[in-house]
Amino acid sequence: MKGTKEILLHTPRKPQVLLLGNGVLRLAGGIDWKALLGKLNKRSIAQAVLERIPFGMQPEAMCGTDVEQICRDVAHELGAAQTVCPEQMKRLLALNFDCILTTNYTYDIEHCLLGKWSEYQRKNTFTYYGEGNAPHNNLACAYEIPTITGKHVPIFHVHGDIMRKHSLVLSYYSYVDTINKLSERNRALGNTLQENQLAQKPIQAKTWLDWFLIGDVYSLGFGWDFSEVDLWWAAERKAREHADVGKHTAFLIGEQSMAHTQALLEATGAAAHAFVAQTKGDFASLYDKAIDLIEQSI
C-alpha cells in the first residue's frame, strides 16, 4: 500500500507528533529489555561487564555480529510477549496527535487503538510513503490506524517491528545504517522546508524524519540514551532547521541521574524544554503529570 501525506508549513498550527518509548509500557508489566537481552546472552558475559558496554552494542557483545540472527531471536522472544495497554497509553492515544513515532518493536499502540492486531490488519494498514517499490526502509514505512479522535494517523516504528524481522534496529551496525538513510533523506530535503514555507506550499511527508522536523514533538517513555544515535541526529537536525518548525519537548521520567541528558538536550537546542521528575516515587503518577502537560500544550 502506498500513500502520501501533505503537511502545511505556513500555518500557525504545527503537526502534533508523539514519540513514544518503552517506559510507558513498563507501567503495565511490558518488556524488560535487560531481562530479554539476558536470555540471548550466548557468550555468558557477566552483567557487570555488560553494564559498561553502550546499550546499542550490547546485542553484538552477547550474540556476535550476525545482526540478522539477533533480529530473528529478539522478534521470536517479543512475539510471545503479552500486549499491554496501560491507562496512560489510553490517555495519550486520545489526544489530538497527527503522527505517532515509536521506538518499540511491538504493536501495543495498534492493539490499544484497534483492540486486536493480526497479520491481516498489519498488511491492510501498512503504508509506504517512499519512492519506488522498496518498502524496506523504516523511515518511509508506517501503519495508518484510526485513532480515538476519529482520524487516521501514521504510526512509524522508527526502529522496526517484529513482523518485519529484517527491519529491527538492534545493533551499532543497524544504527549506523539508519543514520545513512537519514542523511539520504536530509540531502533530498535540502532547503525544501524553508522554500515551501515562504511559498506557502505544503510538503509531502515521505518519512518519519519529515514529521519530526516539522511538528511539535513530545517524547515520552524514551530515555534518550546516548547510544540512540539516530534520534540524537534527528533532534539536532531539527534544531538546525531554518524554517519555522515546531518545538521539541522531551519528558524524561527519572531521577537526578538523568539531569545530564536534560542538560545536553537543552544545551544543543535539541529540546526546547525537558521535564525531569527527580523522585523515586510512583512512576504512574509521574507519567500522568507529563501527560497533563502534553494535553495542555496540544
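Scanning the stretch 199-258 for residues that are part of a strand (DSSP E or B) and within 15 Å of the chain's Cα centre (by Cα) yields Asp216, Val217, Tyr218, Ser219, Leu220, His248, Thr249, Ala250, Phe251, Leu252. Of all the listed residues (Ala28, Ala48), the sole one being at pLDDT below 80, surrounded by fewer than 17 Cβ atoms within 10 Å (Cβ to Cβ) and either outside any loop (DSSP other than H, G, I, E, B) or β-branched (Val, Ile, Thr) (or both) is Ala48. Yes or no: Gly269 in the same structural domain as Asn96 (by TED's automatic domain parsing), more than 24 Å from Trp33 (Cβ to Cβ) and outside any helix (DSSP H, G or I)? The answer is yes for Gly269. Does Ile53 meet the test of being among the aliphatic types (A, V, I, L, M), in the same structural domain as Lys181 (by TED's automatic domain parsing) and not in a helix (DSSP H, G or I)? Considered against the rule, which asks whether it is among the aliphatic types (A, V, I, L, M), in the same structural domain as Lys181 (by TED's automatic domain parsing) and not in a helix (DSSP H, G or I), Ile53 comes out as no. If the Cβ limit is 8 Å and pairs must be 6+ apart or interchain, which residue in the stretch 274-288 that is in the same structural domain as Leu25 (by TED's automatic domain parsing) and within 15 Å of Tyr218 (Cα to Cα) pairs with which residue that is among the acidic types (Asp, Glu) and at pLDDT 75 or above? Partner pairs satisfying both residue conditions: Ala274/Glu266.
Just one of the listed residues (Thr125, Thr149) is more than 17 Å from Leu78 (Cβ to Cβ), more than 17 Å from the chain's Cα centre (by Cα) and surrounded by 15 or more Cβ atoms within 10 Å (Cβ to Cβ), namely Thr125.
Residues in the stretch 109-158 that are among the aromatic types (Phe, Trp, Tyr) and touching a residue at least 60 places away in the same chain (Cβ under 8 Å): Phe126, Tyr128, Tyr129. Gly38 passes every criterion in (1) out of contact with any Phe, Trp or Tyr (no Cβ under 6 Å at 6 or more places or on another chain); (2) in a strand (DSSP E or B); (3) surrounded by 12 or more Cβ atoms within 10 Å (Cβ to Cβ) apart from (2).
So, of the residues in the stretch 174-207 that are farther than 21 Å from Pro15 by Cα and touching a helix residue (DSSP H, G or I) at 6+ places or on another chain (Cβ under 7 Å), which turns out to be surrounded by the most Cβ atoms within 10 Å (Cβ to Cβ)? Ranking the candidates gives Ser174 first. Residues in the stretch 62-76 that are surrounded by fewer than 17 Cβ atoms within 10 Å (Cβ to Cβ) and either part of a helix (DSSP H, G or I) or touching a residue at least 40 places away in the same chain (Cβ under 8 Å) (or both): 5 in all.
Within the stretch 88-128, the set of residues being of a type outside the set (Val, Ile, Thr) and part of a loop (DSSP other than H, G, I, E, B) comprises Ala94, Leu95, Asn96, Phe97, Asp98, Asn104, Tyr105, Tyr107, Gly115, Lys116, Trp117, Ser118.
The values are calculated or read from the model by the stated rules, or taken from the named source; none is laboratory data. Note that the structure is predicted; figures quoted are calculated from it, not measured. Cβ atoms come from the backbone with ideal geometry, glycine included; neighbour counts cover every protein chain shown.
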